[in-house]
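The values are calculated or read from the model by the stated rules, or taken from the named source; none is laboratory data. Because the structure is a prediction, the values reported are computed rather than measured. Virtual Cβ from ideal backbone geometry, glycine too; neighbours counted across all protein chains shown.
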Amino acid sequence: MLSTDKKNQLDKVTNFLKKTPSFSLLKFEKTTHGALETLRKQLKKSDAKLMVVKNTILQKAINKLASSKDTSYLKEVQKKTKTLRENTAVLGFGQDWSAGMNVFYSFLKADKTVGFKVGCLDKKMYEETDLIRIAQLPGRGELIGKMLGGMQSPTTHFIHALKFNMQKLVYVLNAKAKQTN
């Protein structure tokens, strides 16, 4: 028989996973409570949430969701969660999951006691190594800025090349006018 506390936790985890289709399961061993709270504050700025869960409750929540048609993409994650051993936390991302991934990756570089287990981004499952590579990528806004800068750069150089000879002629004429005066 399930206790009411465990049933409430199961419902909480199930609703959390249902609301956030992009999430990652994290491992943390010997991580201090203060470090986790610091991570939570940093993640909150990027619209991401961190929830520490028991492995058995997480397995039951994923099993429940994987059987549903709406969240059938969790069947691959379900296979990976059958053998969870270490402490587990669920990192749920907002609309822009790249911002949350970047925040967690910067924390991961500073604190080696945390890491990825498995993740689901845009309803597709990724392993630990793939998640680390994805987390190293620049964010969407930064990529758009680089693309716009790259598109603007040739135009700017072309306009400068067209104006260069005219400016040089003006400088030569001004210098000649000063010499005659």
For this session: Test Val77 against the criterion of being modelled with pLDDT under 90, touching a strand residue (DSSP E or B) at 6+ places or on another chain (Cβ under 7 Å) and aliphatic (A, V, I, L, M), and give yes or no.
Result: yes
Problem set entry | Selected residue (criterion: nearest to Gln78 (Cα to Cα)) from residues of the stretch 16-52 that are in contact with a Gly (Cβ under 7 Å, 6 or more places away or on another chain) and small (Gly, Ala, Ser) | Ser24
Exercise. Regarding Glu76, is this residue out of contact with any helix residue (DSSP H, G or I) (no Cβ under 8 Å at 6 or more places or on another chain), surrounded by fewer than 19 Cβ atoms within 10 Å (Cβ to Cβ) and assigned to a helix (DSSP H, G or I)?
Worked result: yes
Exercise. Can Val103 be described as in the same structural domain as Thr20 (by TED's automatic domain parsing), within 30 Å of Lys75 (Cβ to Cβ) and in a strand (DSSP E or B)?
Worked result: no
For this session: Report whether or not Lys163 is charged (D, E, K, R), modelled with pLDDT under 85 and not assigned by TED's automatic domain parsing to the domain that holds Thr83.
Result: yes
Exercise. Between a first residue in the stretch 118-132 that is among the β-branched types (Val, Ile, Thr) and a second residue that is part of a strand (DSSP E or B) and surrounded by 15 or more Cβ atoms within 10 Å (Cβ to Cβ), which pairs have beta carbons less than 6 Å apart while being 6 or more apart in sequence or on different chains?
Worked result: Val118/Leu25
Problem set entry | Criterion: assigned to a helix (DSSP H, G or I) and surrounded by fewer than 19 Cβ atoms within 10 Å (Cβ to Cβ) - qualifying residue of Lys69, Lys112, Lys30, Lys7 | Lys7
For this session: All but one of (1) assigned to a helix (DSSP H, G or I); (2) in contact with a strand residue (DSSP E or B) (Cβ under 8 Å, 6 or more places away or on another chain); (3) under 17 Å from Gly119 (Cα atoms) hold for Thr14, so report the exception by its number.
Result: (2)
Seminar exercise, completed: Flagged in the stretch 33-53 as in a loop (DSSP other than H, G, I, E, B) and over 24 Å from Asp70 (Cα atoms), in numbering order, are Ser46
Seminar exercise, completed: How many residues of the stretch 10-27 are surrounded by fewer than 16 Cβ atoms within 10 Å (Cβ to Cβ) and either β-branched (Val, Ile, Thr) or in contact (Cβ under 8 Å) with a residue 60 or more places away in the chain (or both)? The answer is 1
